[in-house]
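To keep things clear, I will list the structure first and then write my remarks on it.
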Amino acid sequence: MRLRPQYRRKRSQDFLRYVVTCALEGKTELLKERTIGVEVFERPADYETGEDSIVRVKANEVRKRLAQYYQDAGPGQEVQIELPAGSYMPEFRWRESSPPLPPAPPRRWKPLAAGAAVAVLCGVAVWIWYGNRATVFDQFWSPFLRSPRPVLLCVAHPVVYHLRGRPREAPETLVPLTDIVRDPDHYVGVGDALALAQFSSFFTRTGKPS
């Protein structure tokens, strides 16, 4: 039996209305081939989708009709419905309200002027990059380098304890607290000594007494 065109169009409309409604309502679990066959095309719940391809055929037909419709309608449509191949989940695309402006015609510069402009831009970029680095460096060190007084480098003394009147090796028995004495101003940490040497070398290179 051959279906009339009006009937085929109604089935396409029912299919499109069903998938769009399910998508808008968030019922994506209903957008399955068997469910669509039962709800839209009145197939039994246990029908064989491999033998009855009504849903796949109708989806392909609707996909082609949508593409043809938007091609003939022109840019006036704000919302465009698309049905991706292999899926029953429609996608909605919003078109821009006004067509984009045409690109400006390219300017034809003379080769010499274009080369000079590129060279100037590169020079400005390099100057800005190195200028920013120098500016940060000067801002950090200017309080030290511009001061008329020499820079005073101070290093902390770590706390060291010794046993009063005893050898420096570890004792074999416990000792009273009165025998543990602090030895100040005789030791410097290795890390502090290294930092002191680096700062002293830096100020020497810049001509700043320290």
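Each value in this text was obtained by applying a stated rule to the coordinates, not by laboratory testing. Note that the structure is a prediction, hence the values are computed from the model and not measured. No Cβ is skipped: glycine too gets one built from the backbone with ideal geometry, and neighbour counts run over all protein chains shown.
In this calculation the C-beta distance from Asp183 to Arg146 is compared with R0 = 45 Å, giving a FRET efficiency of 0.70. Considered as an equivalent ellipsoid built on the Cα gyration tensor, segment 138-210 has semi-axes of 42, 11, 9 Å, the largest given first. Over all pairs of different C-alpha atoms in segment 5-94, the reciprocal of the mean inverse distance, the Kirkwood hydrodynamic radius, equals 13.7 Å. Using Cα-only point scatterers and the Debye equation, what is log10 of I(q)/I(0) for segment 170-210 at each q in 0.22, 0.24, 0.25 Å⁻¹, rounded to two decimals? Log10 of I(q)/I(0), two decimals: -0.81, -0.87, -0.89.
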